[in-house]
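The values are calculated or read from the model by the stated rules, or taken from the named source; none is laboratory data. Worth saying up front: this structure is predicted, and the values here are computed from it rather than measured. Cβ atoms come from the backbone with ideal geometry, glycine included; neighbour counts cover every protein chain shown. With ligands, DNA and RNA removed, areas are computed over all heavy atoms of the protein, side chains included. Shrake-Rupley method; radii C 1.70, N 1.55, O 1.52, S 1.80 Å.
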Amino acid sequence: MVDEQINNLYSDTTKTQKNSEKKNYRVEIYVFLIILFLTYLTIFYNYLLFHTIAEFFSIVIGGGIFIICWNSRKRIDNSFFLVIGVSFLYVGFLDLVHSLAYPGMEIFPDYDTNLAAQLWIAARYMQAGSFLFASIIINKKIKINYLIIFYIIITFILLVLIFSRIFPDCFIEGTGLTPFKIISEYIIDFLLFITIFMIYRHRVLFERKIYLTLLYSIIATIISELSFTLYITAYGIPNLIGHIFKIISFFFLYKAIINIGLENPINLLFRKLKLSEKNLISKASDLEKANLLLKEAELRYRTIFEQSPDGILVIDLETLRAVEFNDAACKILGYTHEEFEKLQVNDYDVMETPSETRRHTEKVIRDGSNDFESKFRTKSGEIKDIYIRTKLISLSGKNYFQSIFRDITEQKKAAELKTRLASIVESSEDAIIGKTLDGIITSWNKAAEKIYYYSTEEVLGKSIELFSPPNQKSEILEILTRIKSGEKLEGFETERIRKDGSKVNVSLTISPIKDRNNKIIGASTIARDITEKKKAEDRLKRLISTVSHELRTPITVLLMSMDYLKNYKKDLQPEVEVKLMDGIDRNVKLLHKLAENILMISRIDEKRVDIDWIEYYPLEIINNILTLMEPIGKEKNLDFKIDIHKNLMLKGDPKRIDQIFRIFIDNAIKYSKENSTIEINAFDDYKGEYNINGNNGVLFQFKDTGIGISEDELPHIFERFYRSKNVSEIPGSGLGLSIAEELIQLHIGKVFVESKLNEGSTFYIFLPRLNHSEK
């Protein structure tokens, strides 16, 4: 009973260890495959280089096997590894001579390809024979000195036979492999097959991992030898395949003996001893010794059981009560031992519904174990998150559930907090950047990508100077110095460079990041894009400056005119008084219009202009404007030609469209010459050059033959307060066209102009027909 509980208690650790070993094994396989592929690529440069690398690999492995076994020779009780260890030193030596004798090496000029083939077949006979010999005497004792002498003699004899040309030929130039060579390869494979059978019979003497890895090595050797029965030239494809599988064979041999032997030499070299010890204990008839072992096992079990920080329960499946539980279980749930032994599982496990309980139970019974999360209620009523690992165990012929559980409440809270923080960081409209005290970027959210145009992959590990203007490097150093001193920076406005080279104005809040010991280890930067804000501030400054200038002239005229009327009215001629009153009237209207335009500009900048998307008829709006402006047009004897279909209808804000049309008609009247014509046309379903995106829409044309605009001034006419040089005598604020352009853009439209000085101007407005989703 005690042994069963100990095995169950240790099984979790074993599983974790096995998972780690599997992961490491996969990594080693991937690395080996990469090295194998790189080795293969050397044939495209020089086949001789490939061959040398392949043989060097086996030589090194052979030497490593010998070193492991030699250093453990006094303690090895398994003759299999002793024979393999000694033999592969000499196998490696023969492979070394074979490599030196390979065609192209020119080490032995009096010999041809046959020499390399003879050395190869001799080494493989020694390798296969040693495997078979080792598997036959696996349960017998053998002295290593005799082994070494034996292999020295065999190696010496083989070399004498080969270099004296007594050894049978294996390769004839121009013909290829000899029958002896081909038959020998099959004999070697036969010996290896017998070895597999012998190892299988004695598999209990090997760790499973070592047993399987040895089999893989021998199988790879068999495939290698079969490949060497097919080649005609030493540089042929079968030769290449044979050497690749030889590398694979020695890799698995490395895994079986060197790698595994270094990691767990006890299991490798003393497997037989351990099995004997286990068998001896199981058959012990000495009652006193058995009792002693039992007491030691129970003491070890109780020590682990009671000292475990995790709660451990053994649940009776009939009563659903814990027949055994440790102090940690009571401590986690807040019960005394007396209280806990009276509880059933459902008294504290509050997570599961009956269906969930059944599902978990069935999985434990079916698979033998189950890991899952649940919620336990403590004695005080607190609900805790619990991670449970449950196994089915049998004690004295009765089944129980053994559950090891851990309180993960704080871990869950930390994970949830981390998730929430990560969500806040990623959803923030401000860039949130983490960096070291050296200014190396460690974190980068989506808003940072939008502000600076760099992806996360492009900036992680890079210096914050990446997007700092060249003339601000000292600023970065100053900021980092202040952070290192523990200072927090708030509202620090500066300029940065985006990936495309454009500039962005940012407001920075930079705070030190501290570890648990309150040591400053980095900095967190929150960057807000204030480019538009800065532009708005600049526009406001320019607006105030320009408005002050624009207001000064009409106000000065008004003050002077009113002062003149007040002080000199008795002396004024009637016609002079009329002119003064006209001037006052004109400047008051100018101020009124200027005020209206300034208010409109302000609303546009603050994005407070709402568009009411309703249907309207352009011709109706234009006719209303012309009716109001008819007196002004008559003063200059202007003729209006209107070509707009009365049924033409669009969607937009009629009030804003009225403002747009009024500005262009007012300008056409003001800047037209007397007795001229103003044309207003509409082209439905227009697809010409002014419809850039090819949308369905209408192009409006306002054409006059007035004073026109010079070519160098055309790019500036939509700028605020800009007025052409040749209109300085004509009243105006310089805001009309800029307001019109902004309102057109709010209707997803575009405005264009064509003009020649002293010949007239034509303004084009394209307004698209929009669906509701496009507004």
Within region 400-458, tally of residues that are under 25 Å from Thr378 (Cβ atoms) and touching a Leu at 6+ places or on another chain (Cβ under 6 Å): 1
Hits in region 198-253 - residues which are open to solvent by 60 Å² or more (accessible area, probe 1.4 Å) and of a type in the set (Ser, Thr, Tyr): Tyr200, Tyr216, Thr233, Tyr235
Count - residues of region 470-491 that are among the charged types (D, E, K, R) and not in a helix (DSSP H, G or I): 3
Subset of region 338-377 [within 24 Å of Ser394 (Cα to Cα), of a type outside the set (D, E, K, R) and not in a strand (DSSP E or B)]: Phe340, Leu343, Val345, Asn346, Thr357, His360, Thr361, Val364, Ile365, Gly368
Sole residue being on the phi > 0 side of the Ramachandran plot, open to solvent by 30 Å² or more (accessible area, probe 1.4 Å), out of contact with any Gly (no Cβ under 6 Å at 6 or more places or on another chain) and without any contact (Cβ under 8 Å) to a residue 60 or more places away in the chain, chosen from Asp658, Asp685: Asp685
Of the criteria (1) in contact (Cβ under 8 Å) with a residue 60 or more places away in the chain; (2) open to solvent by 30 Å² or more (accessible area, probe 1.4 Å); (3) assigned to a helix (DSSP H, G or I), which one Ile611 fails: (3)
The listed residue being under 12 Å from Ile84 (Cα atoms) and either open to solvent by 80 Å² or more (accessible area, probe 1.4 Å) or β-branched (Val, Ile, Thr) (or both), out of Ile142, Ile107, Ile137: Ile137
Selected residue [within 20 Å of the chain's Cα centre (by Cα), basic (Lys, Arg) and more than 30 Å from Arg321 (Cα to Cα)] from Lys488, Lys484, Lys418, Lys503: Lys418
So Leu159, is it under 23 Å from Val86 (Cβ atoms), under 52 Å from the mean Cα position of the chain (by Cα) and part of a helix (DSSP H, G or I): no
Subset of region 574-603 [open to solvent by less than 60 Å² (accessible area, probe 1.4 Å) and under 23 Å from Ile744 (Cα atoms)]: Leu594, Ala595, Asn597, Ile598, Met600, Ile601, Ser602
Residue in region 168-188 that is touching an Asp or Glu at 6+ places or on another chain (Cβ under 7 Å), closer than 24 Å to Ser79 by Cβ and not basic (Lys, Arg) present: yes
Looking only at region 300-318, and only at residues there that are more than 22 Å from Gln344 (Cβ to Cβ) and assigned to a loop (DSSP other than H, G, I, E, B), the one that is most open to solvent (accessible area, probe 1.4 Å): Pro309
Residue check, Lys462 within 22 Å of Ile520 (Cβ to Cβ), open to solvent by 60 Å² or more (accessible area, probe 1.4 Å) and at pLDDT 90 or above: yes
Matching residues, region 617-664, being within 19 Å of Ile739 (Cβ to Cβ) and not in a helix (DSSP H, G or I): Gly652, Asp653
In region 365-392, the residues that are of a type in the set (A, V, I, L, M, F, W, C) and surrounded by fewer than 18 Cβ atoms within 10 Å (Cβ to Cβ): Ile365, Phe372, Ile383
Exclusive hit being at pLDDT below 90, over 30 Å from Tyr47 (Cα atoms) and either assigned to a helix (DSSP H, G or I) or small (Gly, Ala, Ser) (or both), set Phe66, Phe88, Phe80: Phe80
Positions within region 393-405 being more than 17 Å from Phe340 (Cα to Cα) and open to solvent by 20 Å² or more (accessible area, probe 1.4 Å), in sequence order: Ser394, Ser396, Gly397, Lys398, Asn399, Tyr400
Single match in Phe702, Phe718 (criterion: closer than 24 Å to Ile622 by Cα and assigned to a loop (DSSP other than H, G, I, E, B)): Phe718
Tabulated pairs, region 211-227, first over 18 Å from Tyr125 (Cβ atoms), second open to solvent by less than 30 Å² (accessible area, probe 1.4 Å), C-beta under 6 angstrom, 6+ apart or interchain: Thr213/Lys255; Thr213/Ala256; Leu214/Ala256
Positions within region 665-681 being assigned to a strand (DSSP E or B) and over 15 Å from Leu767 (Cβ atoms), in sequence order: Thr677, Ile678, Glu679
Residue in region 421-435 that is farthest from the chain's Cα centre (by Cα), counting only those that are of a type in the set (Gly, Ala, Ser) and surrounded by fewer than 16 Cβ atoms within 10 Å (Cβ to Cβ): Ser428
